[in-house]
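What follows is a single structure, written as structure tokens, with notes after it.
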Amino acid sequence: MITASHVCVEAAQRSILRDVSFHLPSGAFLAVIGPNGGGKSTLVRALLGLQPHTGTITFEPAGAPTGYVPQIKTLDRSFPALTEELVATALKRRWPWRVDRDCERVVADALTHVRADHLMGQQIRNLSGGELQRVYLARALISNPTYLFLDEPAAGVDVAGAEDMLECVERFRSASGATVVMVTHDWDVAVHHASHAMVLSQEVISFGATNEAINEAAIRKAFGHVGHAHGVFGGGHHG
């Protein structure tokens, strides 16, 4: 489980997160939604220990393996690297330069799990956005993580590809009991895949079971309008 207590983040004398507190039970799937600039990615980085913050964040069990799928726009696509080398960095904790046979077998299994084994041997600069996200997902899952964090994994991916990726995530979660935290702009994804939701705009507007946390009052407070989210109210979820 993950517990955050009074987490605050400031940068350049500007408040990015204010007094964020929540408790996420083990095995839950949390969708974090909110406006651009609302602190969603910052919260994920704080949970991962990559973002300086005040307040406390605790994991139970502590020190368990963690997987992370970042936004692909943070990667230098011009770097001359093979798909299997990128995935292998999760095992080697450094750039491998050479992937030995044992490591290659593990990498191939991880790519097969996310239906991307056909990308073995390809340069990452030649991958589409959806293909690169699958490679990152394989990298995140290769260590069989207890905690899995995904920062807008469907960005730049078509609807069918995004749904397929989420099925891979749910299949892994169901088999492993992992706790998943995902930043998303897709209301339907949140409603139909997540067990829990957080509406975040610098501070927590609402948090809880998805069908309770995503409500018209919370959306209006976070975004100032309901917009395209209007159709999700009253929808079900599974998780």
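A few remarks follow.
- The selection criterion, being modelled with pLDDT under 95, under 11 Å from GLY34 (Cα atoms) and of a type in the set (Gly, Ala, Ser), holds for ALA222.
- Hits in the range 184-203 (condition: hydrophobic (A, V, I, L, M, F, W, C) and surrounded by fewer than 24 Cβ atoms within 10 Å (Cβ to Cβ)): TRP187, VAL189, VAL191
- Of the listed requirements (1) closer than 16 Å to LYS40 by Cβ; (2) not in a loop (DSSP other than H, G, I, E, B), ARG220 misses just one: (1).
- The range 172-211, residues that are part of a strand (DSSP E or B) and over 20 Å from GLY37 (Cα atoms): THR179, VAL180, HIS196, GLY208, ALA209
- In the range 1-19, the residues that are assigned to a strand (DSSP E or B) and closer than 21 Å to THR66 by Cα: ILE2, THR3, ALA4, SER5, VAL7
- Scan of the range 99-141 for residues that are β-branched (Val, Ile, Thr) and touching a Pro at 6+ places or on another chain (Cβ under 9 Å), ordered by number: ILE124
- Members of the range 126-151 that are modelled with pLDDT of 90 or more and farther than 16 Å from ALA110 by Cβ: ASN126, THR146, TYR147, PHE149, ASP151
- Flag if THR42 is at pLDDT 95 or above, of a type in the set (Ser, Thr, Tyr) and outside any helix (DSSP H, G or I): no
The values are calculated or read from the model by the stated rules, or taken from the named source; none is laboratory data. Quantities reported herein were computed from a predicted structural model and do not represent experimental measurements. We place every Cβ from the backbone using ideal geometry, glycine too, and count neighbours over all the protein chains shown.
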